[in-house]
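Worksheet: one structure, shown below.
Each value in this text was obtained by applying a stated rule to the coordinates, not by laboratory testing. None of these values were measured; they are calculated from a predicted model. Don't worry about glycine lacking a Cβ; one is built from the backbone with ideal geometry, like all the others, and counts go over all protein chains shown.
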Amino acid sequence: MNDSNTSLPSRRDFLKTSALIGGALAAPGILPQPLLGATSPGTLRVGLIGCGGRGTGAANQALRADPNVVLTALGDVFEEQVQKSLQSLQRELPDKVKVTPDKCFVGLDAYQKVIDSGVDVVLLAAPPGFRPEHLKAAVAAGKHVFCEKPVATDAAGIRSVLETVKAAREKSLALVAGFCWRYEAARREFYQRIHEGAIGAIRAIYATYYAGPVKPMPPASQRTAGMTDLEWQLRHWYNFVWLSGDGYVEQACHSVDKVAWAMKDQPPLKAVAVGGRQTPNNQGNIFDHMFVVYEYPDDVRAFVGQRQIGNTYTDNSDYLMGSEGFGKIAGWQAPFIRGKENWRYRGPKTDMYQQEHNELFASIRSGKPINDGLWMTHSTLMGIMGRMAAYSGQEITWEQALNADERLVPEKLDWNMKLDIAPMAMPGVTRYT
């Protein structure tokens, strides 16, 4: 263990910090400085980092969230992604896209160029392995941030993000997480009722993320001549642990986050898991299935099942068992509770992707910036903790996950560097210290 890790927060410290942050966010905020420097009175300039489908969608939602918002900069490692995103956004919202050719940035340093281009709000949607570095740079520059989930892929990244979250709070910068279910009306009311005791004390939670494969890894024969190791991995980022965190961390993190939400963001004590790779992955190194068991105080357990294999049973639901009832969210259906009083959500439907941006920009306008930083980092660490347990076959405590020496993301990247693909994890062999 590195000496620098010895002062990192324990599970108890994490809970204390949560309470302090909650109080700080309830206090009146100061109008953030970036808003005062906008191009015209009230205009907020937005920059997008990571121009894939999710990033383009986030930009679209940001531009619709406020009547006086414009997009002024785009950045990605690949030129074609920048142009594809720009063309899509220009078709959808031509009056709000003010991106000139000199504000289209390409390369490994494109993120910094977007941040330095004069924007007020930054949307972070590059592969998750880059998120700690991008978030740190944005907050250091005094930018408000929408940060897609998950926020890191390794323990070193988590620790970096925790420091950045603190800095964002001290600077009164808005930081909204891409854990979109927390911005969906039906789930909000469901979990509020759970927290108010609608099913009594929670005894167990079972969450499923059983789906098809996301982005299968192509065979090495499809790699074109002259393509560098880094380009090959970036073009197929989902299949590499350092970039995606694995499917459990990158995809099933929504299910993990809802477990955390149900438990009022109290960190679990420890986790055990099983998992592996059933289908060929060519040169990739992620598992395609995991089953993680989280243990909480008072013998409460949370079970999260993830599988992403074609032609299999699919389910994305949440089952909450309490001392006095039962709650269920069946896929996209209306949540319901059977308990002291039976209940089913019958309120209005909301677009959770749009809502998170609506609330982000409203918080900037009001001078009371939202900061989702602590719980978004907590939920990501829960995912990484589960992956560690599955990869190693060992019991992993919260403190072990937080303080692990694990560093998956290379400290320095160069387009022409030799970047070997780490072997697939092997339970009983892979270790975390």
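Details
- Reach of LYS340 by Cα under 19 Å, taken over aspartates and glutamates that are not fewer than 8 positions away in the same chain: GLU189, GLU196, GLU324
- Protection proxy ranking of 262-271, 193-202, by the mean of other Cβ atoms within 10 Å over each peptide's residues and highest first, is 262-271, 193-202.
- Alpha carbon convex hull of the chain, volume per residue in cubic angstrom: 147
- The gain in end-to-end length when the GLU196 to ASN281 segment is fully stretched comes to 26.1 nm, 0.36 nm per residue minus the alpha carbon separation.
- Other residues within the sphere of radius under 15 Å centred on the Cβ of ILE309, judged by their own Cβ, net out at 0 (K and R +1, D and E -1).
- For PHE78, the shell of other residues with beta-carbons less than 11 Å away shows a net charge of -2, using +1 for Lys and Arg and -1 for Asp and Glu.
- Dividing the summed -39500 (n - 2.57) terms of all DSSP H runs of n ≥ 4 by the residue count of the chain sets its mean residue ellipticity at 222 nm at -10500 deg cm²/dmol.
- Two-site label geometry, ASN68 and PHE336: point separation in nm, points 7 Å out along Cα→Cβ: 4.7
- Positive contributions from Lys and Arg (+1) and negative ones from Asp and Glu (-1), summed over other residues with Cβ under 13 Å from the Cβ of SER172, come out at +4.
- Charged-residue dipole, Cβ positions (Lys, Arg, Asp, Glu), the chain about Cα centre, Debye nearest 20: 840
- Violating pairs (Cα-Cα greater than 19 angstrom) within the set LYS96/LYS171; LYS166/LYS270; LYS328/LYS349; LYS103/LYS412; LYS166/LYS368: LYS96/LYS171; LYS166/LYS270; LYS103/LYS412
- For the stretch 95-172 and the stretch 380-420, distance of Cα centres in Å: 21
- Separation in nanometres of the label points that stand 7 Å from Cα toward Cβ, at LYS98 and GLU324: 5.5
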